[in-house]
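Note sheet for the following structure.
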Amino acid sequence: MLRELLAELARDVAAARDRDPAARSTFEVVLGYPGVHARWAHRVSHRLWLADRHLAARFVSSLARMATGADIHPGAQLGEGLFIDHAIGLVIGETAEVGEDVTLYHGVTLGGTSLERGKRHPTIGDRVTVGAGAKILGPIEVGDDSRIGANAVVVRPVPPNSVVVGVPGQAIARSRPHRRGDRPDLDNAFLPDLVGASLQQLVARVDRLEAAWPGQGEEAAVGAPATDDFTI
């Protein structure tokens with residue numbers, strides 16, 4: 001039992017060192033990473049929860065919230081290899097399920113949309129990356145190897161290998177599939193521009209309509225973008 005526990009704790013530290021270039025040593029991660037501390041506290045509170053010691057479990061999770069800024073319900077099921085970066089503002093609800101090698105940034109919410117008991121929080125697949133401030137709400141599934149962009153609000157199921165951005169979240173690209181043992185895709189700086197892509201599709205549709213009507217295509221569209229780069 002002790003050997004198994006130590007292996008779990010070591011994997012938590014390894015996940016932080018593997019996915020955070022700021023981590024310079026194991027000692028630094030053990031002492032100074034609130035996301036790792038939140039994960040460790042949840043290991044304790046979750047075991048208490050499964051043993052029907054619910055009050056004790058909630059007490060441990062409350063202490064962890066005050067110490068780390070992460071509010072993780074003791075009933076949530078968290079997979080191995082989870083890395084919580086920064087931890088501040090993270091909320092994970094009671095019936096949430098998180099797969100293996102998942103990365104969650106600060107401000108992420110895995111929340112519920114119902115007052116009914118039962119499954120009401122999301123299920124996150126393996127090797128998923130959820131950007132800062134993203135909200136995933138309701139008993140929906142996010143497929144393996146997907147990326148959720150920063151501040152996206154996801155209320156519909158997400159297929160595997162998807163890139164989701166916007167409010168409400170739209171799966172508008174495919175993420176690179178991962179082989180077992182691959183590092184998760186953490187690059188949230190280059191996500192599709194939902195507004196730009198929609199504008200480009202609209203302009204293309206107007207061009208087709210003008211071309212279909214004789215004499216309507218002679219006047220160029222004022223301000224029509226000549227590029228697909230809508231970076232601000």
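The values are calculated or read from the model by the stated rules, or taken from the named source; none is laboratory data. All values reported here derive from a predicted model rather than from experimental measurement. Glycine gets a Cβ as well: all are built from the backbone with ideal geometry, and neighbour counts include every protein chain shown.
Residues satisfying the criterion are absent from the stretch 164-180 (criterion: assigned to a loop (DSSP other than H, G, I, E, B), modelled with pLDDT of 90 or more and of a type outside the set (A, V, I, L, M)). Within the stretch 107-140, the residues that satisfy the criterion of being in contact with a strand residue (DSSP E or B) (Cβ under 6 Å, 6 or more places away or on another chain) and surrounded by fewer than 17 Cβ atoms within 10 Å (Cβ to Cβ) are 111, 113.
Only one entry of 126, 145 meets the criterion of being in contact with a Lys or Arg (Cβ under 6 Å, 6 or more places away or on another chain) and free of Cβ contacts under 8 Å to residues at least 60 places away in the same chain, and that entry is 145.
Would you confirm, using the coordinates I've provided, whether residue 50 is surrounded by fewer than 14 Cβ atoms within 10 Å (Cβ to Cβ) and modelled with pLDDT of 90 or more? So residue 50 passes the test.
Residues in the stretch 113-122: is at least one under 16 Å from the mean Cα position of the chain (by Cα) and at pLDDT 85 or above? Yes, there is a match, as at least one residue in the stretch 113-122 is under 16 Å from the mean Cα position of the chain (by Cα) and at pLDDT 85 or above.
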